Each structure stands twice: as C-alpha cells, then as structure tokens.
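Before any comments, here is the structure.
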Amino acid sequence: MPFRWRYIALPSAFLLLSLGLTIYFYPRLPDEVAYHFKDGLPDRWLGRGAVTAWLLVPQFLLTGLGAAVVAGIIRLGDRFQTTTSRRAETMLLLMGNMVTLPQLVLAFAMLAIFSYNSYGVYLMPLWVFALAVMGLGGIILGVLFFLAIKQALARK
C-alpha cells in the first residue's frame, strides 16, 4: 500500500496555517509577548522568538507523528502482506489525521496570543476552545465507533 498525502492532509494544512499565522503576525509582535492570561489579562511574558518556537515546534512534531504512524502502519502491512481494502484506507485516513485535534487547539492558542499582542484583541479562554474541540472529537469518534459496530454486526 503506497503512502498518500491525504493520510496526513489535515495535520499538514494546520502546519501550513500555523506557518502563515507566524509569517503574518511575527513582525507585528512586541519584543515581550504575553502568553498567559488570567481573567482576560496577561500575567506572564516571554520573548517573541521563544513564544513562536513554543507554538510552532509542536505543530511540526505532531505532523511528523501523523506521518510516522501512517508510514509505520504501511510498513507493517507490507511486511505481513495483508490485502489492501477500503477499511485499511479508512483507518490510515483516521489515524494519520487524528493529530489534527491538538493541532487545532495549538493553532487557536497561537492566534489568541498573536492577536492579543498585536492588536489587543482577546479572543476567548483557551480552555473553552479546547473543551469544544474535545467534545467535537468525542462526537466524531463516537459516530465512527458506532458505524464500525454496526458494520461488524451486519457481517455476522
């Protein structure tokens, strides 16, 4: 089974989005960037290079993790010579793109930090956004789990 970019399309897209946000906002950031907020007000600062690195490095790592998982599964499939099926394609799509959920939260954190420090606009607490993303991810996984059980029962 060959590697296809669609297996990691969403992590790659969020990596590119994060790079785009960095390119746009970095020249607009002050030397000291507020990165932690309490009650909508900043209470911790760090240099703009350090904040940018702390926000971009995990994006690269998560995209690499998605690619490594897909590549590992493909190699295992080749080693054990399983047959290619629609189910294997679906699993590769799901597993390779699963890292998008934390990437989405990181991209929002980047946008929130950059928008506050560049324009003084505080978007919303990160925990509210993270909770919404986790809820959405749970619903999606629940639906996929339900469909897999339904398909398994139909085969019996």
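The values are calculated or read from the model by the stated rules, or taken from the named source; none is laboratory data. What you are looking at is a predicted structure, and each value in this text was computed from that prediction instead of being measured. Here Cβ is always computed from backbone atoms with ideal geometry, including for glycine, and neighbour counts include all displayed protein chains. Each accessible area value is taken on the protein alone, full model and side chains, heavy atoms only, with ligands, DNA and RNA left out. Shrake-Rupley method; radii C 1.70, N 1.55, O 1.52, S 1.80 Å.
Counting other Cβ atoms within 10 Å, which trypsin sites (Lys or Arg not before Pro) in segment 1-67 have at most 16 and lie in a DSSP loop? Those that pass, being in a loop and sparsely packed, are Arg4. The long axis of helix 100-119 is offset from the longest Cα principal axis of the chain by roughly 10 degrees.
With the charge dipole of the chain set up from +1 on Lys and Arg Cβ and -1 on Asp and Glu Cβ about the Cα centre, the Cα lying farthest toward the positive end among the listed residues Ala88, Val143, Met110 is that of Ala88. In the elastic network of the chain, a GNM with C-alpha springs shorter than 10 Å, the most mobile of Phe14, Phe145, Phe25 is Phe145.
Over the chain, with every protein chain in place, what whole percent of the accessible area is carbon and sulfur at 1.4 Å, could you tell me? That fraction is 72 percent. In order along segment 37-45, the phi-based Karplus estimate (6.51 cos²θ - 1.76 cosθ + 1.60, θ = phi - 60°) of 3J(HN,Hα) comes to 10, 10, 6, x, 10, x, 9, 9, 10 Hz; Gly and Pro are listed as x. Over segment 62-156, accessible surface divided per residue gives 64 Å², non-protein components excluded, 1.4 Å probe. What angle, in degrees between 0 and 90 and rounded to the nearest 10, separates the Cα long axis of helix 126-155 from the longest principal axis of the Cα atoms of the chain? For helix 126-155, the angle is close to 10 degrees. Convex hull of alpha carbon positions in the chain: directionally averaged projected area 10.8 nm². With Cα atoms defining each centre, segment 97-156 and segment 17-94 are spaced 13 Å apart in the structure. Summed over all non-identical Cα pairs, the Kirkwood treatment of segment 1-89 gives a radius of 15.8 Å.
Residue order by solvent-accessible surface for Ile140, Ile73 is Ile140, Ile73, largest first, with ligands and nucleic acids left out and a 1.4 Å probe. Taking label points 7 Å from Cα along the Cα-to-Cβ direction, Ala132 and Lys156 give a separation of 4.0 nm.
Helix 86-97 axis versus longest C-alpha principal axis of the chain: approximately 20°, rounded to the nearest ten.
Distance between the modelled labels on Arg6 and Arg79, one decimal in nanometres: 2.7 nm (7 Å Cα→Cβ projection).
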